[in-house]
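The values are calculated or read from the model by the stated rules, or taken from the named source; none is laboratory data. Remember, predicted model here, so these are calculated numbers, not experimental data. All Cβ positions, glycine included, derive from the backbone under ideal geometry; neighbour counts span all protein chains shown.
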Amino acid sequence: MQEEFIIAEDLDLAWSNFEPFYPLPANSPFHVERKGKPLNRLKRALLRQHRQSPKYFFSGHRGCGKSTELNRLAADSKINEKFFIVKYSVKEVCDVNNLNYVDVLFSIGAQLYIQYIDSGKELKPELIKQLEGWKHSIEKISEKETSIEASIDGGLRTFFLSVLARIRSEDTTRKTIKEIIEPRLSDLIDKINLIIANIESNEKKKVLVLIDDLDKPRLEQAKEIFYNSQTPITQPICHIVYTVPISIFFTKEFTAIRESRFFLPNVKLHSKNDRNSKDEEGYGLMGQFIFHRMKARLIQPDALDLAITMGAGVFRETAHIIQIAADSAIENDRDQIIEEDVKRAEREIRSDFRRILKTEDYATLKEICMDNEIKGIDKIGRLLHNLSVLEYMNDETWCDIHPTLVELVEND
Amino acid sequence: MMRLGAIYILLLLSLLRMTEIIDPIEVRVSRLGNYLIRAHKYNKASILFALYLSEYVRADVEKEIRQLLNEQGLESLGVDAGEYKDLPSFFSSRSAEGTVFFVHSMEKGFPEALRYLNFKREEIIDHRVKAVFWVTDKELTRIGNEAPDFFAFRNRVIEFVEVPLAEERRPAVVEFALETEYRSLDEIKRSIKLKETLLSELSKDDEISGYLLSSLGILYDQIGSYKKAIEFHEQALVISKEIGDRRGEGNHLGNLGNAYSHLGQVEKAIEYYQKALVISKEIGDRRGEGADLGNLGNAYSHLGQVEKAIEYYEQALLIGKEIKDPRIINFCEENLKSIKS
């Protein structure tokens with residue numbers, strides 16, 4: 001939601017441009033194209049003809065650009081030619097803290113209806129009637145089984161919104177609405193599929209649902225959804241792209257077939273088992289990322305190199321480092337970031353890690369630091385999640401510890 | 001503003017976290033202030049953490065920053081996290097463009113506050129909220145672990161870990177002096193350095209000196225410098241005797257026992273444990289008694305006197321169960337298991 005994209009001529013604006021919070025909208029000049037365009041594989045898969053609408057699972061490290069890439073996908077002209085796109089974040093419509101597959105399915109139905117109606121389109125009267133009937137049946141049970149006044153006069157849109165609101169509200173209410181919907185799940189799926197069929201026949205396009213931030217729930221809940229409820233969440237007859245937490249994406253319990261998995265890797269900066277090697281392509285890409293946001297003269301070359309190294313090939317981490325370094329340079333009345341500024345950022349990030357790492361983590365980190373092998377996803381799931389361990393991919397998948405931690409682990 | 005630097009001693013606790021360079025407090029105050037002012041200029045959200053030890057320092061620093069902000073036409077609003085657990089909603093309802101929130105009492109809002117922050121972090125960003133979260137080390141660790149998505153959105157963590165020189169500093173210093181649980185060798189060594197510095201600054205009759213001596217003894221023991229450990233425990237013992245602190249005396253005797261035992265002088269260790277046991281019984285310190293008995297069990301086990309060891313472990317276990325102390329219970333049960341197998 002950055003309004004302006006101007007390459008910074010001074011550190012003050014650079015500081016602002018490296019705000020690490022926002023995924024980029026499609027067509028932002030700040031965007032850099034990764035080598036091999038990793039999202040193209042997903043795009044090609046979506047554009048292919050399928051007998052049954054496929055479901056895809058998309059993962060990557062926190063801050064590696066997942067939301068940015070999904071934004072781009074949703075704005076892609078070829079994708080828009082073929083699909084009516086419904087994109088939303090579960091964080092906006094569900095309580096991510098208490099999420100199960102019922103919420104996911106209901107949110108799909110609700111978003112399909114709401115986004116279609118809000119785009120000024122109409123569904124067939126027969127379908128509206130069926131949906132009204134379903135709405136009444138839910139409301140009736142809801143009134144009977146709970147003392148909650150469920151009469152919702154505002155029509156279907158209000159109904160969907162109010163159920164979503166109840167799903168987001170406090171535990172007791174949420175349980176009831178889930179309890180009502182869960183045994184009637186086939187009804188819900190049926191209605192979702194009717195809406196999909198109606199939209200597809202109206203628009204002469206397929207329906208594509210992109211669900212962002214499904215990698216945000218607590219691990220146990222994500223496991224419940226992606227391990228145990230894979231069948232129900234693949235029931236809707238439209239194309240769906242789910243985001244999946246990285247810590248379960250590589251586990252053996254996650255059984256989605258290889259063809260349906262897409263991973264947005266971190267940018268590789270050195271090769272496996274050789275921290276001193278320098279992957280020129282990776283450094284080039286991260287350099288581009290930086291220079292799309294500020295003029296090259298605002299940072300000394302050795303400071304740039306160090307910033308890229310410490311950013312670990314993760315875009316948000318790199319932005320965070322440059323922002324702290326810019327802040328430090330401004331504080332010291334410099335108009336250029338020097339190595340000392342980046343070192344300050346490095347120290348700050350390292351001490352943040354020290355606060356969240358547990359004693360037993362250090363042994364694991366040390367092992368990974370030494371041989372870059374992934375041993376037991378259970379052991380490192382938490383570390384992947386907090387970015388102290390990062391995964392890279394070329395011919396094989398390997399991992400390394402966050403570069404700010406190398407000093408800490410080696411001196412331990 | 002220079003006033004701040006003058007009345008605090010910087011305990012250099014930051015050293016524990018390897019922040020090698022510690023800028024003067026006024027530099028850090030303006031760092032925080034300027035960050036917020038710049039965020040306002042570019043209409044950005046800011047999630048800043050200010051780490052602190054002493055409430056007095058917190059109040060003073062906050063006052064300074066508020067004044068800085070005020071000069072720039074920004075308003076400040078204090079928020080009690082215990083009162084408003086759903087902080088993102090609170091921010092949204094109050095956020096006018098020029099408001100900076102200072103959040104305190106985080107722990108009172110746990111764990112709900114953590115949930116709200118983690119799952120509504122986008123709301124904070126979307127509303128361009130500028131907030132400074134005052135946190136202790138412990139609170140920040142919990143935020144990092146239990147609200148990781150929110151923590152990943154932090155802009156900066158700025159440390160204000162000095163303590164005031166006046167009488168008010170006492171609780172914070174005492175807490176620091178007693179702290180002996182660190183995670184790594186590195187941290188232990190830094191803590192030793194700081195504690196020795198602080199010790200040299202205090203007068204001998206200070207009760208904090210006693211805490212520091214004892215804690216240094218334990219830390220040296222942890223890193224294998226047993227003779228040094230013994231020196232410190234003996235000094236601590238002298239102070240306890242002087243001020244008639246029987247419980248402290250018992251503790252120091254037990255610690256001396258441990259150090260001698262680690263040195264391999266098990267008979268000497270037993271002597272100290274016995275003396276400690278007498279005091280624990282005398283003052284009715286059940287936990288101390290349990291610990292002393294457990295230590296005796298260990299010592300006899302080292303000497304190969306299995307039956308005697310079992311006897312002591314069992315006595316200790318009985319007390320552990322009686323006072324429901326899981327540390328004693330686990331210690332005894334595990335040792336009994338391994339000694340009998």
- [ ] Considering each of A:GLU360, A:GLU346, A:GLU339, A:GLU407 in turn, give the residue that is more than 24 Å from B:ILE22 (Cβ to Cβ) and among the acidic types (Asp, Glu).
- [x] A:GLU360
Task: Residue that is surrounded by the fewest Cβ atoms within 10 Å (Cβ to Cβ), among those in the range B:127-139 that are under 19 Å from the mean Cα position of the chain (by Cα) and under 24 Å from B:ILE37 (Cβ atoms) - done: B:VAL135
- [ ] Take A:ILE349 and decide whether it is of a type in the set (A, V, I, L, M), in contact with a helix residue (DSSP H, G or I) (Cβ under 7 Å, 6 or more places away or on another chain) and either under 19 Å from A:ARG275 (Cβ atoms) or within 11 Å of another protein chain (Cβ to nearest Cβ) (or both).
- [x] yes
Open item on the list: Which residue is modelled with the lowest pLDDT, if the candidates are limited to the range A:176-214 and must be acidic (Asp, Glu) and assigned to a helix (DSSP H, G or I)?
Closed with: A:GLU179
Open item on the list: Looking only at residues that are in contact with a helix residue (DSSP H, G or I) (Cβ under 6 Å, 6 or more places away or on another chain) and within 11 Å of another protein chain (Cβ to nearest Cβ) in the range A:370-386, which one is nearest to A:GLU253 (Cα to Cα)?
Closed with: A:HIS385
- [ ] Only residues that are under 20 Å from B:ASP221 (Cβ atoms) and surrounded by 16 or more Cβ atoms within 10 Å (Cβ to Cβ): list them for the range B:294-317, please.
- [x] B:GLY294, B:ASN295, B:LEU296, B:GLY297, B:ASN298, B:ALA299, B:SER301
Task: Selected residue (only one of A:GLU367, A:GLU407, A:GLU396 is within 12 Å of chain B (Cβ to nearest Cβ) and surrounded by fewer than 18 Cβ atoms within 10 Å (Cβ to Cβ)) - done: A:GLU407
TODO: Would you check if A:ILE195 is of a type in the set (A, V, I, L, M, F, W, C) and farther than 14 Å from A:LEU112 by Cβ?
DONE: no
Open item on the list: It is to be established whether one or more residues within the range B:61-76 are surrounded by 15 or more Cβ atoms within 10 Å (Cβ to Cβ) and of a type in the set (Asp, Glu).
Closed with: yes
- [ ] From the list A:ASP335, A:ASP305, pick out the single residue that is charged (D, E, K, R) and in contact (Cβ under 8 Å) with a residue 60 or more places away in the chain.
- [x] A:ASP335
- [ ] Look through A:GLU9, A:GLU69 and report the one residue that is more than 14 Å from chain B (Cβ to nearest Cβ), touching a helix residue (DSSP H, G or I) at 6+ places or on another chain (Cβ under 9 Å) and surrounded by fewer than 16 Cβ atoms within 10 Å (Cβ to Cβ).
- [x] A:GLU9
TODO: Quick one: which helices (runs of 4 or more DSSP H) lie wholly within the range B:46-139 and hold at least 2 residues that are at pLDDT 90 or above and more than 14 Å from chain A (Cβ to nearest Cβ)?
DONE: B:55-71, B:87-94, B:106-109
- [ ] Pairs only if they're at least six apart or on different chains, beta carbon under 9 angstrom, first in the range B:321-341 and closer than 16 Å to B:ARG286 by Cα, second β-branched (Val, Ile, Thr) and surrounded by 11 or more Cβ atoms within 10 Å (Cβ to Cβ); list them, first residue then second.
- [x] B:LYS321/B:ILE328; B:LYS321/B:ILE329; B:ASP325/B:ILE319; B:ILE328/B:ILE319
Open item on the list: For the range B:59-116: of the residues being touching a residue at least 12 places away in the same chain (Cβ under 8 Å) and of a type in the set (Phe, Trp, Tyr), which is farthest from B:HIS40 (Cα to Cα)?
Closed with: B:PHE110
TODO: Examine the range B:186-204 for a residue that is surrounded by fewer than 22 Cβ atoms within 10 Å (Cβ to Cβ), at pLDDT 85 or above and more than 21 Å from the chain's Cα centre (by Cα), and state whether such a residue exists.
DONE: no
Task: A:SER16 crowded, with 20+ Cβ neighbours inside 10 Å and free of Cβ contacts under 8 Å to residues at least 12 places away in the same chain - done: yes
TODO: Output the residues belonging to the range B:144-167 that are buried (at least 22 other Cβ atoms within 10 Å of the Cβ), more than 8 Å from chain A (Cβ to nearest Cβ) and farther than 24 Å from B:ASN34 by Cβ.
DONE: B:VAL163
- [ ] Select, from B:GLY320, B:GLY210, the only residue that is closer than 20 Å to B:THR180 by Cβ, under 27 Å from the mean Cα position of the chain (by Cα) and either not in a helix (DSSP H, G or I) or not hydrophobic (A, V, I, L, M, F, W, C) (or both).
- [x] B:GLY210
Task: In the range A:75-96, the residues that are farther than 14 Å from A:VAL207 by Cα and either among the basic types (Lys, Arg) or within 13 Å of another protein chain (Cβ to nearest Cβ) (or both) - done: A:SER89, A:VAL90, A:LYS91, A:GLU92, A:VAL93, A:CYS94, A:ASP95, A:VAL96
